[in-house]
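In what follows, a single structure is set out as structure tokens and then discussed.
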Amino acid sequence: MLFTIGLIINPVAGLGGRVALKGSDGVGTVEQALALGAIPRAEARTEVALRKLLPLKGQIRFLSWRDDMGGALLKRMGFVNHLLGNSDHKQTSPEDTEAAVVAMEQAGVDLILFAGGDGTARNICNRVSDAQPVLGIPSGVKIHSGVYAVTPSAAGQVVAMLIRGELVGLREQDVRDIDESAFREGRVRAKHYGDLLVPEEGRYVQQVKQAGREVEALVVQDIADYFRDEIMEDDVLYLVGPGSTTQGVMDVLGLENTLLGVDLICNATLIASDMSEQSILEHIKDKPVKLLVTAIGGQGHLFGRGNQQLSPDVIRMVGRENILVLATKTKIRELDGRPLLLDTGDTELDQALCGTMTVLTGYNDRILYPVTTL
């Protein structure tokens, strides 16, 4: 008996990430991202997941909707696939996603596998039944929801376990999304939109992102003070990634901060704000540079969630030895022993970054913590 999977790819998911638009919702944002040189990556991330299923190809039947929403990829990879529908308009829309969900459920799929971000999860939540299992391949800029695997590869591994008949639990997980307009202004307004039934397999499926600022304000202050007093070097560029912990550094230096973007400082002076990938590469080329990042609370992602401007090219230019991880011990404890996670979209880079990293957790207080990809 064949395991039937409904595949939905949002081809514009994550398009605004590397060009610093902090999302891809809306036709106008998509057009702006493309005009800025953004390259669609959702299909490539889906291919990473589907490679895990190639050894099981003879046990799977796919259903898809539109060639650019999965049909073309499945054909190229040699999977058995039936195209349920198509649409005349050039650019995909939320209506395409919702129509695909309805058609796939009516056809009796065992699992809906989708690639996108929180907006795509919302579209699926709008139309899917409570009893239909779904799983997300993380491909968007905003991934607050708990319905996604931690990486595309992990999504493929979970699906492979299901196909092999291994015992995989199902659990309702939150679908959350934020107001992108407020997000671009540095304000987080997250809202719960519903729940989806998701295969739950420990380390492979991410936790719901914890919203809000760090409650340990004094610890954040200590981390920032130590960076200013003991770490910051003259004439070195520092990229400051998103997050409330890194914001503490900017506050201590008295500098304007893009809470949800990437800023550049040198000699305690703000050089550039809310930078795109291309702007970062232009500013740091052939210059001494270090990168300040923090982990997403509850999830533990260092790269690949909300900071796609820090692309593989940027990270390679900075160098592993010049990455400074800042996090309070409370944030680390919330991971409950799980490692910090990498999902840069570049498998070789993820592997090169794996191991342990020093995490600055207070004033002259550091820990070694594992960093990995799945």
Need at least 3 residues that are modelled with pLDDT of 75 or more and over 29 Å from GLN278 (Cβ atoms) per element, so show me which helices (runs of 4 or more DSSP H) inside region 1-86 make the cut, counting only ones lying wholly within it.
71-77
For region 223-260, give me the residue count where each residue is at pLDDT 90 or above and either in contact with a Pro (Cβ under 6 Å, 6 or more places away or on another chain) or acidic (Asp, Glu) (or both).
9
Does region 88-109 hold any residues that are surrounded by fewer than 17 Cβ atoms within 10 Å (Cβ to Cβ) and in a loop (DSSP other than H, G, I, E, B), and which are they?
ASP88, HIS89, LYS90, GLN91, SER93, GLY108
Can you go through LEU135, LEU113, LEU170 and tell me which one is in a strand (DSSP E or B), under 15 Å from LEU196 (Cβ atoms) and modelled with pLDDT under 95?
LEU170
Looking at region 283-295, can you tell me whether even one residue there is surrounded by 20 or more Cβ atoms within 10 Å (Cβ to Cβ) and part of a loop (DSSP other than H, G, I, E, B)?
yes
Being at pLDDT 85 or above and not in a strand (DSSP E or B) is the filter; apply it to region 360-374 and report the residue that is farthest from LEU335 (Cα to Cα).
TYR363
Complete set of residues in region 325-344 that are within 20 Å of the chain's Cα centre (by Cα) and modelled with pLDDT of 90 or more
VAL325, LEU326, ALA327, PRO339, LEU340, LEU341, LEU342, ASP343, THR344
Given (1) in contact (Cβ under 8 Å) with a residue 12 or more places away in the chain; (2) surrounded by fewer than 19 Cβ atoms within 10 Å (Cβ to Cβ); (3) not basic (Lys, Arg), where does HIS144 come up short, assuming only one miss?
(2)
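Report yes if some residue within region 235-252 is part of a strand (DSSP E or B) and surrounded by fewer than 17 Cβ atoms within 10 Å (Cβ to Cβ); otherwise report no. Working first, answer last.
Filtering region 235-252 down to residues part of a strand (DSSP E or B) leaves 237-240.
Okay, now just the ones that are also surrounded by fewer than 17 Cβ atoms within 10 Å (Cβ to Cβ), so none.
Within region 235-252 (the criterion being part of a strand (DSSP E or B) and surrounded by fewer than 17 Cβ atoms within 10 Å (Cβ to Cβ)), the answer is no, since none of the residues qualifies.
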For region 150-167, which positions are out of contact with any Phe, Trp or Tyr (no Cβ under 8 Å at 6 or more places or on another chain), modelled with pLDDT of 90 or more, over 19 Å from ALA13 (Cβ atoms) and aliphatic (A, V, I, L, M)?
ALA160, MET161
Has region 220-230 got at least one residue that is assigned to a strand (DSSP E or B) and in contact with a helix residue (DSSP H, G or I) (Cβ under 8 Å, 6 or more places away or on another chain)?
no
What about SER181, is it at pLDDT below 90 and part of a helix (DSSP H, G or I)?
yes
Going by the conditions given, is ASP68 in contact with a Pro (Cβ under 8 Å, 6 or more places away or on another chain) and of a type in the set (Asp, Glu)?
yes
Name the single residue, out of those in region 319-358 being touching a residue at least 60 places away in the same chain (Cβ under 8 Å) and under 20 Å from GLN247 (Cβ atoms), that is surrounded by the most Cβ atoms within 10 Å (Cβ to Cβ).
ALA327
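The values are calculated or read from the model by the stated rules, or taken from the named source; none is laboratory data. All values reported here derive from a predicted model rather than from experimental measurement. Reconstructed Cβ throughout: ideal geometry from the backbone, glycine too, with neighbour counts over all protein chains shown.
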